[in-house]
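One structure below.
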Amino acid sequence: PIFLHMDPLHLIFNMYWLYSFSALIEARKGGTYLMLLILVSAAFSNLLQYRFSSPAFGGFSGVNYALFGYLWMKGRFSRHEGMGVAQQTVVILMIWFVLCVLQVFSNVANWCHGGGLFVGLSWGIITSRGALRELLGMR
């Protein structure tokens, strides 16, 4: 489903975010690391969407939310790695996420978005030394 898009605008937006996020990850972590993150997030987010919604969906949004979540956590907990996203990007993507969940827009793969975001946030936290302790208030 990550290769299927509902219309040209859907494809353009997804490819814009893919380029924006993946270029930074690939430059810092390499292509193999990026591909693993893409494959894991695609599988997890698409399986959630299929299980809890329907098989009628497509797009790269779940993966893009994973890449976003990963970069967001890296910027917060591992600044020395030189990765992160601008605060305005966080605001825009989280507002979009909430609007979609509230069904302001129809036919959105919310389980994909949420599943991808979960994978990215988790991966970013797990791979950032001390992040989990800080989040749990153990620091």
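The values are calculated or read from the model by the stated rules, or taken from the named source; none is laboratory data. Predicted model, so just to flag it, every value in this text is computed and none were measured. For neighbour counting, all protein chains shown are included, and Cβ atoms are generated from backbone atoms with ideal geometry for every residue, glycine included. We work out accessible area using only protein heavy atoms, side chains counted, and drop any ligands, DNA or RNA first. Shrake-Rupley method; radii C 1.70, N 1.55, O 1.52, S 1.80 Å.
Helix 8-29 and the longest principal axis of the C-alpha atoms of the chain enclose an angle of approximately 20°. Charge dipole of segment 1-135 (Cα centre as origin; +1 on each Lys and Arg Cβ, -1 on each Asp and Glu Cβ, all else neutral): 400 debye, rounded to the nearest 20. Taking the chain as a Gaussian network of alpha-carbon nodes connected by springs under 10 Å, the highest mean-square fluctuation of the residues Leu34, Leu99, Leu24 belongs to Leu99. Relative contact order for the chain: 32 percent, from Cα pairs under 8 Å spaced at least 6 residues apart, divided by residue count. For Lys74, neighbours were defined as the other residues whose beta-carbon sits under 12 Å from its Cβ, and their charges (Lys and Arg +1, Asp and Glu -1) total +4. Put simply, the amide H of Met83, placed in the peptide plane, has no neighbours under 5 Å, leaving out anything fewer than 5 places away on its chain. The mean accessible area for residues of the chain, using a 1.4 Å probe and ignoring ligands and nucleic acids, is 59 Å² per residue.
Comparing Thr127, Pro55, Met83 along the charge dipole axis of the chain, the residue lying farthest to the positive side is Thr127, per the Cβ-charge model. Heavy-atom surface analysis with a 1.4 Å probe gives segment 43-139 a carbon and sulfur content of 62 percent of its accessible area.
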